Amino acid sequence: MIISTKRGTPQNEIKKIIDGFEGQGLQVTLIRGEDYNVFGLVGDTTKLNEKQIAANPWVESVTRVSAPYKKANRLFHQEDSVISIAGDKVRIGGREKVAVIGGPCSVECESQVVQIAQAVKEAGGDMLRGGAYKPRTSPYAFQGLGTEGVLDMVKAREVTGLPIVSELMSEDRIDEFVEYVDLIQIGARNMQNFQLLKALGRINKPILLKRGLANTIEEWIMSAEYIMAGGNENVILCERGIRTFEPYTRNTLDLSVIPIIKEKTHLPIVIDPSHATGNYRYVEAMSLAAVAAGADGLIIEVHTDPEHAFSDGAQSLKPAKFRETIDKCRAVAAVVGRRL
Ligand code: PEP
Ligand code: MN
């Protein structure tokens with residue numbers, strides 16, 4: 001619930017209001033504005049009566065907020081959050097630089113990921129992606145190299161200086177990721193693994209939280225809220241396409257989330273055109289559209305030999321195409337007042 005008080009409300013009246021709600025076990029966040037004071041109430045507001053609160057002559061308005069999230073809510077945090085990665089080597093958010101993350105779906109061996117990392121760097125990428133723990137639909141498909149894959153990513157970082165992003169699938173690997181990975185990806189399939197989300201709230205590494213395959217925007221923001229409520233506010237959202245009835249693409253890229261996320265939250269939003277389309281032919285067009293629509297970053301699968309990739313070759317760009325895509329995106333970024 002959000003309550004604003006009238007211009008010029010005396011301090012003692014503000015205090016009375018705060019004490020009243022705190023006395024009911026609610027947590028009160030006060031945002032002091034130039035003209036109005038705004039209170040955010042966190043806790044069980046179901047028993048409060050809006051009309052009764054509005055009867056206070058100093059109260060300007062009472063709004064029952066349907067949005068159940070607070071930490072991620074732009075209402076309580078008007079500035080865009082800028083997430084600092086790898087000791088501020090890369091920053092995502094803030095509507096200036098658009099960050100580009102490139103790399104293979106899966107880490108296959110050290111030389112593969114080092115070679116791709118070099119290509120990503122040469123093309124102008126800011127970070128390297130690569131999965132070591134893979135959430136595959138089939139138990140017979142390549143499951144990832146595990147720790148070895150993470151260490152291969154570390155090697156690629158040493159060679160290129162690019163910070164690394166990799167997917168964490170379970171709580172038992174958190175220490176490994178805290179030690180080695182710069183940005184921890186939570187994949188679409190784990191978006192509502194609440195136990196995992198709670199554990200991520202207890203660390204302070206940045207998290208790239210992908211939208212679930214069939215989740216609403218509000219459910220997705222609530223998952224970010226889980227991490228933030230635990231104390232880790234370094235969350236970046238990533239749209240990777242949602243399931244619809246359309247088979248021409250692997251998923252349907254929901255680009256409308258960009259303005260919606262910016263309106264509802266202060267968190268950065270990254271677009272993954274690779275998993276969204278499932279087809280390398282459409283990745284460039286969707287990247288350009290994402291930058292034009294205000295995305296804070298792109299995460300694109302890149303492979304030097306897509307035909308033999310262990311996973312997602314069909315949606316991976318070869319380095320030359322990746323570079324061309326970045327160059328075109330840079331031009332679009334300039335048009336919308338951003339850098340890339
Ligand atoms: C991936 O990034 O390789 C991946 C598995 O993504 P998602 O969770 O979006 O399917
Ligand atoms: Mn993939």
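Kirkwood Rh, Cα Rg: Rg to Rh for region 108-264? Show your work: numbers first, answer last.
Numbers: Rg = 15.9 Å, Rh = 16.5 Å.
We get a ratio of 0.97 for region 108-264.
Computed over the Cα atoms of region 184-248, what is the ratio Rg over Rh, Rh following Kirkwood? Write out the running numbers ahead of the final one.
On the way: Rg = 11.9 Å, Rh = 11.8 Å.
So for region 184-248, dividing Rg by the Kirkwood Rh gives 1.01.
Using only the alpha-carbon atoms of region 284-340 as identical scatterers, what base-10 log of I(q)/I(0) does the Debye formula give at q = 0.17 Å⁻¹?
-0.55
Solvent-accessible area per residue for the chain at a 1.4 Å probe radius, Å²? Don't skip to the end; give the middle numbers.
Working: 15300 Å² over 340 residues.
Result: 45 Å² of accessible area for each residue.
For the cross-link pairs Lys198/Lys262; Lys15/Lys70; Lys70/Lys328, which exceed 30 Å when the distance is taken from alpha carbon to alpha carbon? Walk me through the numbers before you get to the answer.
Details: Lys198/Lys262 24 Å; Lys15/Lys70 22 Å; Lys70/Lys328 37 Å.
From Lys198/Lys262; Lys15/Lys70; Lys70/Lys328, over 30 Å: Lys70/Lys328.
If eta is 1.567 mPa s and T is 4 °C, what Stokes-Einstein diffusion coefficient results for region 205-319, Kirkwood Rh from Cα pairs, in µm²/s?
Working: Rh = 14.6 Å.
The calculation lands on 89 µm²/s.
Specify the inter-centroid distance of region 204-265 and region 45-89, based on alpha-carbon positions, in whole Å.
20 Å
Beta carbons within 10 angstrom, averaged per residue: use that to sort the peptides 126-135, 151-160, highest first. Working shown, then result.
Numbers: 126-135: 25.2, 151-160: 19.4.
So the order, starting with the most tightly packed, is 126-135, 151-160.
For region 129-212, what does the alpha-carbon gyration tensor say about shape, rounded, prolate or oblate, given a ≥ b ≥ c as the root eigenvalues, a/c under 1.5 as rounded, and a/b over b/c as prolate? Walk me through the numbers before you get to the answer.
On the way: a/c = 1.83, a/b = 1.16, b/c = 1.58.
It comes out oblate by the Cα gyration axes.
Test of understanding: what is the full-extension gain from Ala331 to Lys318, defined as 0.36 nm times their sequence separation minus their Cα-Cα distance?
On the way: separation 13, 0.36 × 13 = 4.68 nm, distance 2.04 nm.
Full extension from Ala331 to Lys318 adds 2.6 nm.
Using a 1.4 Å probe over the heavy atoms of the protein chains, calculate the carbon and sulfur portion of the accessible area of region 225-340 as a whole percent. Working shown, then result.
On the way: 2650 of 4740 Å².
C and S atoms contribute 56 percent here.
Just to compare against my own numbers: the Cα pair-distance distribution for region 101-176, 5 Å bins, whole % per bin, please.
For region 101-176, the pair-distance distribution reads 3, 18, 28, 23, 16, 8, 3, 0.
Let me spell out the model: positive unit charges on the Cβ of Lys and Arg, negative unit charges on the Cβ of Asp and Glu, origin at the Cα centre of region 235-283. What dipole size does that give, in debye rounded to 20? Please report the intermediate quantities before stating the final value.
Details: 6 positive and 5 negative charges, 15 e Å.
Using Cβ point charges on Lys, Arg, Asp and Glu, region 235-283 gives about 80 debye.
Could you give the radius of gyration (one decimal) and Dmax (whole number) of the Cα atoms in region 1-100, in Å?
17.0, 52
Roughly speaking, what % of Cα-Cα pairs in the chain are separated by over 34 Å, rounded to a whole number? It would help to have the intermediate numbers written out before the result.
Working: 16628 of 57630 pairs.
When all Cα pairs of the chain are counted, 29 percent exceed 34 Å.
The values are calculated or read from the model by the stated rules, or taken from the named source; none is laboratory data. Only a predicted model underlies this, so the values are computations on that prediction, with no experimental measurement involved. Using ideal geometry, Cβ is built from the backbone for each residue, glycine included, and neighbour counts are taken over all protein chains shown. Keep in mind that these areas ignore ligands, DNA and RNA; they rest on the heavy atoms of the full protein, side chains included. Shrake-Rupley method; radii C 1.70, N 1.55, O 1.52, S 1.80 Å.
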